[in-house]
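Heads up: the structure comes next, in structure tokens.
Here, each number is a calculation from the coordinates, and none is a lab measurement. Just so it is clear, the structure is predicted and the values come from calculations on it, not from any experiment. Methodologically, a virtual Cβ is constructed for each residue, glycine included, from the backbone with ideal geometry; neighbour enumeration extends over all protein chains shown.
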Amino acid sequence: MFRGSFVSRDREAYGKFTPNPDQVMSAKSKGKSIVTIFPDWCKGCGICAAFCPVKVMELNDQGKAVVVREEECINCGFCELHCPDFAIMVQPKVDSEIPAGSKSAHVNAAPNGSVESEKSIKEKG
Amino acid sequence: MARPKKKKNKEIFALGNEAVVEGALLAGCDFYAGYPITPSSEIMEIMAQRLPRIPNGSFVQMEDEIGGLGAVIGASLAGRKALTATSGPGFSLMQEHIGYGCITETPLVIVNVMRGGPSTGLPTSPAQGDVQQARWGTHGDHSIIVLSASNVQECLEMTIEAFNLAEKYRTPVILLIDEITAHTREKITIPNEAEFEVFNRTLPTMPPEWYKPYEETVRGVPPMPAIGSGYRFHVTGLTHDVNGFPTSRPDEVRELNERLFRKIDQFLHDVQIVEEIDTEDAEVAVIAYGTVARSAELAVKQARDLGVKAGLLKLKTLFPYPRKATEKLMYRAKTIIVPEMNMGQISREVKRVNNGQVSVRTINKVDGQIITPAEILKVLTRV
Amino acid sequence: MADIKGTQLIHEYLRHNKKFPHVFCSGCGHGIVLGSLIRSIHGLGLSKDDVCIVAGIGCSGRLAAYVDFNTVHTCHGRALTFATGIKMAKPGMHVIVVMGDGDSMAIGGNHLIHAARRNIGVTALILNNNIYGMTGGQCSPTTPAGANTQTTPMGQMEQSFDCVELCTAAGANFVARGSVFHVKRLDSMIMEGIKNPGFGVVEIMTPCFTQYGRKNGFKSPVEMFHALKKNVVKRERFDEIPEADRGEKVPSGIFVQKDTPGLEEKFYEMAARCQGGK
């Protein structure tokens with residue numbers, strides 16, 4: 001399966017192993033994602049803001065990344081893959097789970113690492 | 001009526017180096033990594049023969065002694081009982097990893113077959129010049145156990161002892177033998193399984209999520225799981241806290257460093273092995289170790305024949321230095337003779353114990369030749 | 001864990017009792033490598049208990065402490081020797097060695113070439129940032145000629161090592177080069193490296209803005225990522241570029257992929273023969 005040239009192997013690997021296959025560049029789904037930034041973990045390197053194809057993020061006056069145009073997000077996954085500090089999370093928007101007023105609340109806490117706690121942060125929102 | 005046949009112990013005719021291998025295998029050693037160096041190479045050669053033949057045994061020849069001890073530490077972390085053997089220059093290269101073994105509390109055994117030094121020195125001649133290096137060679141304050149063996153039978157016994165102490169106290173143990181003992185071939189008895197004890201490291205019994213790799217225990221020695229046994233922990237050469245993560249908090253640093261000393265110091269009676277020969281009424285006593293102890297044993301016997309009340313304290317543990325045994329000797333003896341194939345490395349320890357009541361005389365020889373019984377007897381009869 | 005993706009997945013593999021954010025500087029690529037490594041291990045479906053991360057000294061050495069695997073932080077340059085011992089003792093373990101460029105090719109150069117020659121079944125990730133980062137910005141064996149560092153204030157005069165060619169010549173089973181900008185390619189390379197038997201090397205170009213970039217004309221970490229984007233090209237495309245136009249470009253991709261069994265496989269096969277024939 002993994003014989004042959006690098007290119008074909010590469011392509012095969014995408015389908016098989018990439019843990020988040022729905023986030024590859026081709027799966028464009030504008031406005032269907034929630035972008036969360038944990039400011040406690042963000043070190044303000046600016047990679048996400050510089051390379052985001054639709055400029056969802058910007059650096060604020062404290063030098064930390066903030067989400068400014070979430071509705072433009074095409075869920076390409078670049079920021080999530082390239083954030084060296086694991087401070088960005090892109091999740092699909094599920095209307096029933098996320099109350100409308102909670103978006104700003106995502107920004108308030110760093111994750112404890114477990115999924116439960118991230119959910120609870122949202123709920124507290 | 002058939003009398004139950006007494007199982008006779010196996011006797012073999014072996015080199016000191018071969019006896020080390022026999023002892024190691026009896027103690028459960030199943031990993032060897034190293035780099036060949038005269039005069040220790042036979043240990044490696046025989047291990048290469050024997051280890052593939054025992055279940056789970058593994059052997060690897062590394063690119064240098066640094067790599068050898070590195071692989072030994074790695075294997076020990078992965079739950080093996082690991083051995084490496086070397087000589088002077090290789091022992092110098094290993095010092096960095098000995099320190100790593102001390103701070104990460106990894107059980108391992110290093111056999112150093114001492115040859116003449118410094119540097120390349122005398123590769124095929126005996127010396128005892130690595131004694132203080134074995135204690136203080138690696139940088140930083142640390143505790144360590146150093147053993148020695150004076151004949152081929154002792155090579156076997158002390159290797160078993162070295163593994164037991166390493167496993168019991170989670171520490172590197174260095175066994176110092178010298179070229180003469182390593183290359184002497186004599187008859188030795190292989191003990192039956194019932195005749196010696198094999199100690200294995202304490203494994204944790206708590207669930208993995210409760211396990212703290214460097215937690216204080218009653219003995220001061222935390223339990224040690226193997227890598228891959230479900231206990232995922234961090235091992236680091238940085239000063240670490242009880243969870244194994246790097247720290248520079250003074251209280252945690254002090255706690256670790258003090259425990260590393262305490263875990264051995266509170267069991268000195270178990271660690272310090274000495275043999276006393278005619279010491280009860282000795283007025284002049286010899287303190288010796290390694291091959292020299294063998295010469296001293298004969299010299300003491302000859303001195304007794306001549307009417308001199310001589311005795312011998314044979315050190316099998318060199319460090320932590322057997323202070324109590326030396327003090328006991330000093331209650332009665334007026335003169336203590338320390339013959340060594342160096343310019344005075346253990347005699348320094350003897351002088352530290354002595355508070356002025358006895359005179360400590362040294363016999364030093366650094367010409368690559370053994371100290372003969374006659375040389376010791378000469379001093380014994382003169383004092 | 002199957003439905004967790006992206007950053008959430010990475011959080012699952014981080015040690016919860018470690019302090020975050022991690023120790024790396026702003027804009028350092030090491031965090032990206034850490035993420036890539038976690039995704040690769042997850043993608044291969046390996047159990048946390050079956051993975052052992054062995055790291056050397058330096059910035060890359062700090063990487064091991066953050067992940068919830070069996071982790072060993074060793075002496076400077078010696079990570080591969082420890083890994084050899086672990087792999088020989090536990091051949092079923094997936095041993096991944098994380099080293100820096102100075103760690104692997106300067107002080108540990110001997111161990112690197114011999115691990116490649118010995119073909120021990122470990123995967124080495126060499127995080128090449130062209131500088132000694134944690135020590136304070138001294139020149140490393142991969143510092144490009146002319147670069148300004150703490151120990152080469154007038155510019156580096158020596159040649160630099162090409163890690164890929166070094167490991168290929170030493171006989172490694174798997175040799176690849178990736179960069180932290182091309183993360184998905186990096187993911188697949190690390191996965192291939194872990195799966196491949198024998199010794200695997202993945203050289204990862206990662207920028208060090210704090211110690212290297214600032215002194216060599218980069219204004220921000222982002223600029224260094226732009227440089228990576230521009231200069232790291234697939235090896236097929238690199239071969240097409242005429243030599244005069246290559247400039248600072250470096251080829252990336254998988255350079256060597258052989259399926260020679262690793263030393264541990266050969267050893268245990270031999271041991272089984274020895275024990276069977278007794």
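Here the alpha carbons of the protein assembly as shown define both size measures, Rg and Dmax, at 30.3, 104 Å.
Springs between Cα atoms under 10 Å define the GNM used for chain C, and in it the highest mean-square fluctuation of C:Thr71, C:Thr168, C:Thr151 occurs at C:Thr151. Mean partner shielding of peptide B:234-246, defined as the number of other chain Cβ atoms within 10 Å of each residue Cβ, is 5.
Pull out a ≥ b ≥ c, the square roots of the eigenvalues of the alpha-carbon gyration tensor of the range C:18-152, then state rounded if a/c is under 1.5, prolate if not and a/b is larger than b/c, and oblate in the remaining case. Here the range C:18-152 falls in the oblate category. Relative contact order, whole percent, for the range B:260-381 stands at 30, derived from Cα pairs under 8 Å and 6 or more residues apart. From most to least packed by mean Cβ count within 10 Å, the peptides B:352-365, B:134-147, B:37-50 give B:37-50, B:134-147, B:352-365.
Compactness of the range C:196-265 is given as radius of gyration and Dmax, 16.3, 49 Å, from Cα positions. To the nearest ten degrees, helix B:41-50 and the longest principal axis of the Cα atoms of chain B are 50 degrees apart. Quick one: grab the alpha carbon gyration tensor of chain C, order the square roots of its eigenvalues as a ≥ b ≥ c, and give me rounded if a/c is under 1.5, else prolate or oblate depending on whether a/b is larger than b/c. The shape class here is prolate.
In whole percents, the pair-distance distribution calculated for the range B:10-195 from its alpha-carbon pairs, binned every 10 Å from zero, is 11, 42, 38, 9, 0. Taking a ≥ b ≥ c as the square roots of the eigenvalues of the Cα gyration tensor, an a/c ratio of 1.5 or more together with a/b larger than b/c marks the range B:95-135 as prolate. When DSSP beta bridges are restricted to pairs lying wholly in the protein assembly as shown, around 30% turn out antiparallel. Sequence-ordered 3J(HN,Hα) estimates for the range C:243-253 from the Karplus curve with 6.51, -1.76 and 1.60 and θ = phi - 60° stand at 4, 5, 8, 5, x, 8, 5, 10, x, 10, x Hz, glycine and proline given as x. Relative to the longest principal axis of the Cα atoms of chain B, the long axis of helix B:373-382 makes an angle of roughly 60 degrees. Relative contact order of chain C: 17 percent, from C-alpha pairs under 8 Å at least 6 residues apart in sequence. Dipole orientation for the protein assembly as shown: of the candidates A:Val35, B:Ala27, B:Ala194, B:Ala194 has the Cα lying most toward the positive pole (charges on Cβ; Lys, Arg +1; Asp, Glu -1). When chain B is described by a simple charge dipole with +1 on each Lys and Arg Cβ and -1 on each Asp and Glu Cβ, the residue from B:Pro39, B:Gly68, B:Ala78 located farthest towards its positive end is B:Pro39. Applying a threshold of 30 Å to the alpha-carbon distances of B:Lys10/B:Lys324; B:Lys187/B:Lys314; A:Lys30/C:Lys215 flags B:Lys10/B:Lys324; A:Lys30/C:Lys215 as lying beyond it.
Each Lys and Arg adds +1 at its Cβ and each Asp and Glu adds -1 at its Cβ; summed about the Cα centre, chain B shows a dipole of about 900 debye. In the structure shown, the pairs A:Lys43/C:Lys195; B:Lys263/B:Lys328; B:Lys81/C:Lys258; A:Lys55/C:Lys19 are assessed against 26 Å; a Cα-Cα span above that value is assigned to A:Lys43/C:Lys195; B:Lys81/C:Lys258; A:Lys55/C:Lys19.
Counting only other chain Cβ atoms within 10 Å of each residue's Cβ, the peptide C:183-192 averages 5. Across the range B:274-382 the C-alpha pair distances fall into 10 Å bins from zero in the proportions 16, 55, 28, 1 percent.
From its DSSP helices (H runs of at least four residues, each -39,500 (n - 2.57)), chain B gives a residue-normalised ellipticity at 222 nm of -11000 deg cm²/dmol. Taken about its Cα centre, the protein assembly as shown carries a charge dipole of roughly 440 debye when the Cβ of each Lys and Arg holds +1 and the Cβ of each Asp and Glu holds -1. Quick check on chain B: of the DSSP beta bridges with both residues there, what percent are antiparallel, nearest 5%? Counting DSSP beta bridges with both partners in chain B, the antiparallel share is about 30 percent. In this calculation the C-beta distance from C:Asn110 to B:Glu258 is compared with R0 = 30 Å, giving a FRET efficiency of 0.25.
Projecting the Cα positions of C:Val23, C:Asn119, C:Met205 onto the charge dipole of chain C (unit charges on Cβ atoms of Lys, Arg, Asp and Glu, taken about the Cα centre) puts C:Val23 furthest along the positive direction.
Annotation: aspartates and glutamates with alpha-carbon distance below 16 angstrom to B:Lys8 (same-chain offsets under eight excluded): B:Glu193, B:Glu195. With contacts taken as Cα pairs under 8 Å at a separation of at least 6 residues, chain B carries a relative contact order of 16 percent.
For chain B, the alpha carbon positions stretch 68, 60, 55 Å along the principal axes, listed from largest to smallest.
For the range C:25-276, a simple Cβ point-charge model (Lys and Arg +1, Asp and Glu -1, everything else neutral) yields a dipole of about 300 debye relative to the Cα centre.
Against the main long axis of the alpha-carbon atoms of chain C, helix C:263-276 sits at an angle near 10°.
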